[in-house]
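The values are calculated or read from the model by the stated rules, or taken from the named source; none is laboratory data. Computed from a predicted structure; not experimentally measured. With ideal geometry, Cβ positions are generated from the backbone for all residues, glycine too; neighbour counts draw on all protein chains shown. The area values use the complete protein model at the heavy-atom level, side chains included, leaving out ligands, DNA and RNA. Shrake-Rupley method; radii C 1.70, N 1.55, O 1.52, S 1.80 Å.
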Amino acid sequence: MIEELSEIEGIQKLLDCCGDDDVMQLFQKKTYTDAFERMYQERISVFDAIEKAYHTAQDQEQYLTALAEALAAYAREKVDACSRKNKKEHLQMDLNMTMAVFVLPMVLEFHGDSSRPLADAMTEAWKRSFPKTNLQAADYRTIEGGFHKTWCYITTAVCRTFDKPDDCYELKTLREYRDTYLVDSPGGRELIEEYYDVAPSIVKHIDQQPDSGAVYYSIWEEWLAPCISMIEAGQNEACREHYTAMVHTLQKKYFRNDPG
């Protein structure tokens, strides 16, 4: 059981929900559902307290903003306490991931009157503290239904353009590559987390292009088809380098750090 905490302490401690566990190890098909349900049940008293206080607050928006800013400040303190740059970057990616796949979905899972406005306030406060991030609030069912597509957003969009199903050969090949090679390779987790942060915005802004179909076709020709061939040939590191180059190229052209 989680000890009784004030709303401020409770919302800050949401960031510690993974404990000593690796967030990327919890964010896998075989572990995510159980981990999320356990975390949510252990912290439901926090959301109960916030909901009650929300309904009695004179200024409900200000109350939620104060909670959100306290959470972001707690994260900022954690990051600033790291003396080495690479450790700071690693911790920030872990915190971003924790927010995206556990904290925000837990807030929304409560389904209270405060839940959605609190999640919105949290993403806004987070972006003020970490301007380079593109954190978005998704609910548990959305994450649970699609979390295994991490590192495949762009491939999914390309396959959709070609009317390929979610279980098509190309997507299955890249997901298996991610799960059996990339996640355990040096720097692989950091690459997946970086990709998770920027890929949704890349796809969103490609979709807004009048020639989005042509863009996706060129991505297939120049980037994805060669990656699939490399995996088939056992050239795992070459695939990683090629896919990373694709993401960085598309990031420069299409990524936007959207507000809210």
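Miscellaneous remarks
- You will find that of Ile50, Ile8, the residue that is under 19 Å from Asp113 (Cα atoms), more than 16 Å from the chain's Cα centre (by Cα), open to solvent by 20 Å² or more (accessible area, probe 1.4 Å) and in contact (Cβ under 8 Å) with a residue 40 or more places away in the chain is Ile8 and no other.
- Residue in segment 64-74 that is surrounded by 14 or more Cβ atoms within 10 Å (Cβ to Cβ), free of Cβ contacts under 8 Å to residues at least 40 places away in the same chain and more than 22 Å from the chain's Cα centre (by Cα) present: no
- Options Ala157, Ala137; residue that is open to solvent by less than 20 Å² (accessible area, probe 1.4 Å), modelled with pLDDT under 85, touching a Ser or Thr at 6+ places or on another chain (Cβ under 9 Å) and within 22 Å of Phe27 (Cα to Cα): Ala157
- Positions within segment 20-41 being open to solvent by 60 Å² or more (accessible area, probe 1.4 Å) and either in a helix (DSSP H, G or I) or on the phi > 0 side of the Ramachandran plot (or both), in sequence order: Gln25, Asp34, Glu37, Arg38, Gln41
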